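Report on one structure; see the data block that follows.
The values are calculated or read from the model by the stated rules, or taken from the named source; none is laboratory data. Bear in mind that the values here come from a model prediction, so they are computed numbers and not experimental data. Counting neighbours? That spans all protein chains shown, and the Cβs are built from the backbone with ideal geometry, glycine included.
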């Protein structure tokens, strides 16, 4: 069979044509994309970003130091109010307190002993379909102490930390009854259907960190041997994470915290730190009191809304999550627990 290549093409090149030609195309494509990337980079350096872009909405000057969370922040839009599209109508701020042993950590089978909720609504949400809003306020609240059943006696460490007494939990209802009362609270405020429990408005749970729903509620539902109610399911807003996003100029709704740059350290931002970073008055009430924590988280959420942060879930909740100490039907396998040194 005659060669398909002209006589002036070397035989060695012709023999490897089907290997060489794709490689040439690949190199040409890479050079093309590199050139395009350099052009775009040059344009970014000369063209200011649009004021409507998420980066401009949430940009905050960062102090030049090695601490990613300085004690204070000076922001350009401090004192201004910005309306943005808000996908949710109601926010439920939850901050539970739970039984604890000093040094046990979050993997311990803690039981909820306080279940407080602050219900927040928009004061100024537009009615023209644009869903623009910036002003959140607390319009109602729910609070109940909860009687623990697996470890009914509170430790001195737990009582000192939370301020909750043994008498308060002894006289409190068990967790299933507290959930039923909370459901009635949501029905009263028009959030869920009284019969089906289905949502009637767009609402979202919020907490300081992911642990309240992701950890404590999921564990408590297992210990109480009940299904997590539909109105408690769904992803939540980790308010602490949202504060970090705003301080670092990231759009809201990110799933992961940005990694610190080389030389930076990231310390945990408690509620007092968040209040200070946003220029708000100091913590009001008693820290680690569930209802007082919820009130202060609500203040932070309202401030984020005022600064134009789009409030939407950033934390995934798995109601089926399991821990090593979980047996069958609410059984706690004591032999798997490693008690901390007293």
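For residue 268, the stated conditions do not hold, so it cannot be described as modelled with pLDDT of 95 or more, farther than 30 Å from residue 186 by Cβ and outside any helix (DSSP H, G or I). Among the residues of region 225-235, those that are over 16 Å from the mean Cα position of the chain (by Cα) and surrounded by fewer than 20 Cβ atoms within 10 Å (Cβ to Cβ) comprise 225, 226, 227, 228, 229, 230. Taking residue 291 as the residue in question, decide whether it is modelled with pLDDT of 95 or more, in a helix (DSSP H, G or I) and over 18 Å from the mean Cα position of the chain (by Cα). Spelling it out, residue 291 is indeed modelled with pLDDT of 95 or more, in a helix (DSSP H, G or I) and over 18 Å from the mean Cα position of the chain (by Cα). If I ask for residues that are surrounded by fewer than 22 Cβ atoms within 10 Å (Cβ to Cβ) and out of contact with any helix residue (DSSP H, G or I) (no Cβ under 6 Å at 6 or more places or on another chain), which ones from region 91-108 would you list? Listed by number, the residues that qualify are 101, 103, 104, 105, 107, 108.
Among all residues of region 190-210, there is none that is over 18 Å from residue 146 (Cα atoms) and in a helix (DSSP H, G or I). Residue pairs whose Cβ atoms lie under 6 Å apart, separated by 6 or more positions or on different chains, with the first residue in region 276-289 and more than 11 Å from residue 300 (Cβ to Cβ) and the second at pLDDT 95 or above and assigned to a loop (DSSP other than H, G, I, E, B), are 286/163; 289/163. Among the residues making up region 153-189, those that are in a loop (DSSP other than H, G, I, E, B) and surrounded by 13 or more Cβ atoms within 10 Å (Cβ to Cβ) are 154, 155, 163, 164, 172, 173, 174, 189.
Regarding residue 145, is this residue buried (at least 18 other Cβ atoms within 10 Å of the Cβ), in contact with a helix residue (DSSP H, G or I) (Cβ under 6 Å, 6 or more places away or on another chain), over 30 Å from residue 80 (Cβ atoms) and in contact (Cβ under 8 Å) with a residue 60 or more places away in the chain? So residue 145 fails the test. Checked against (1) under 17 Å from residue 300 (Cα atoms); (2) touching a helix residue (DSSP H, G or I) at 6+ places or on another chain (Cβ under 6 Å); (3) free of Cβ contacts under 8 Å to residues at least 60 places away in the same chain, residue 240 meets all criteria but (2).
For region 94-113, the count of residues that are closer than 16 Å to residue 191 by Cβ, touching a strand residue (DSSP E or B) at 6+ places or on another chain (Cβ under 9 Å), at pLDDT 95 or above and assigned by TED's automatic domain parsing to the domain that holds residue 330 is nonzero.
In the condition set (1) out of contact with any helix residue (DSSP H, G or I) (no Cβ under 6 Å at 6 or more places or on another chain); (2) within 30 Å of residue 285 (Cα to Cα); (3) modelled with pLDDT of 95 or more, residue 193 is compliant with all but (2). In this structure, residue 240 does not satisfy being in contact with a strand residue (DSSP E or B) (Cβ under 9 Å, 6 or more places away or on another chain), at pLDDT 95 or above and either surrounded by fewer than 18 Cβ atoms within 10 Å (Cβ to Cβ) or more than 26 Å from residue 144 (Cβ to Cβ) (or both). Going through (1) crowded, with 19+ Cβ neighbours inside 10 Å; (2) modelled with pLDDT of 95 or more one by one, residue 317 falls short only on (2).
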